[in-house]
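Presented below is the structure to which this report refers.
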Amino acid sequence: MSSTKPYFIRALYDWIVDNALTPYLLVDTADPVCVVPTQFVQDGKIVLNLAPSAVKSLQLGNEFVMFGARFGGVAYEITVPLGSVRAIYAKENGHGLSFEDEAGAEATGTALLTTAQAEPDAEKKPAAKKPPRLTIVK
């Protein structure tokens, strides 16, 4: 079965752009296949702006994210294997998805990134699970 990660990335990218926000991609640059400008890498990670106005020929494929962009006025061709993608989120509000380190397992977009809405007590108390139920909304 194919990974769900590329589908999540494409869906979140579309949602972010449709809401007139700026899509950012957090990338772990440890993979030698990852081609990014190394002078902008900090602590082994880089944040890439995927806004339509910031990239050229964006391809959100099933194996790689590829596009052209300028960094400090210099043109680069960026190639990021999907295994190196750690998150996609909106710059303005932090909403998006983060991905676990694949390490041989499929990533499934497990944590919702929210910068302003975190509740400090939510981590201490486990949430009681309620059974699902349907209601009719008129």
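The values are calculated or read from the model by the stated rules, or taken from the named source; none is laboratory data. Because the structure is predicted, anything quoted here is derived from the model rather than measured. FYI the Cβ positions are ideal-geometry reconstructions off the backbone, even for glycines, and counts take in every protein chain you see.
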field: Residues of the stretch 63-94 satisfying the condition of being within 25 Å of residue 2 (Cα to Cα), in contact with a Ser or Thr (Cβ under 8 Å, 6 or more places away or on another chain) and polar (S, T, N, Q)
entry: 84
query: Can we say residue 108 is closer than 23 Å to residue 4 by Cα, at pLDDT below 95 and not in a helix (DSSP H, G or I)?
result: yes
field: Set 50, 60: member being surrounded by 15 or more Cβ atoms within 10 Å (Cβ to Cβ) and closer than 14 Å to residue 71 by Cα
entry: 50
- request: Go over the candidates 71, 67, 99 one by one and state the one that is at pLDDT below 95, surrounded by 10 or more Cβ atoms within 10 Å (Cβ to Cβ), closer than 20 Å to residue 11 by Cα and among the hydrophobic types (A, V, I, L, M, F, W, C).
  value: 99
- request: Select from the stretch 73-94 the residues that are in contact (Cβ under 8 Å) with a residue 60 or more places away in the chain and not in a strand (DSSP E or B) and write down the one among them that is nearest to residue 34 (Cα to Cα).
  value: 82
query: In the stretch 22-37, which residue that is in a loop (DSSP other than H, G, I, E, B) and touching a helix residue (DSSP H, G or I) at 6+ places or on another chain (Cβ under 6 Å) is farthest from residue 54 (Cα to Cα)?
result: 31
- prompt: Considering the stretch 42-72 alone, what residues qualify as being in contact with a strand residue (DSSP E or B) (Cβ under 7 Å, 6 or more places away or on another chain), assigned to a strand (DSSP E or B), touching a residue at least 24 places away in the same chain (Cβ under 8 Å) and hydrophobic (A, V, I, L, M, F, W, C)?
  reply: 48, 65
statement: Restricted to the stretch 18-62 and to residues being in contact with a Ser or Thr (Cβ under 7 Å, 6 or more places away or on another chain) and of a type in the set (D, E, K, R), the residue modelled with the lowest pLDDT is 31
field: Options 94, 83; residue that is modelled with pLDDT under 95, closer than 20 Å to residue 31 by Cβ and within 15 Å of the chain's Cα centre (by Cα)
entry: 83
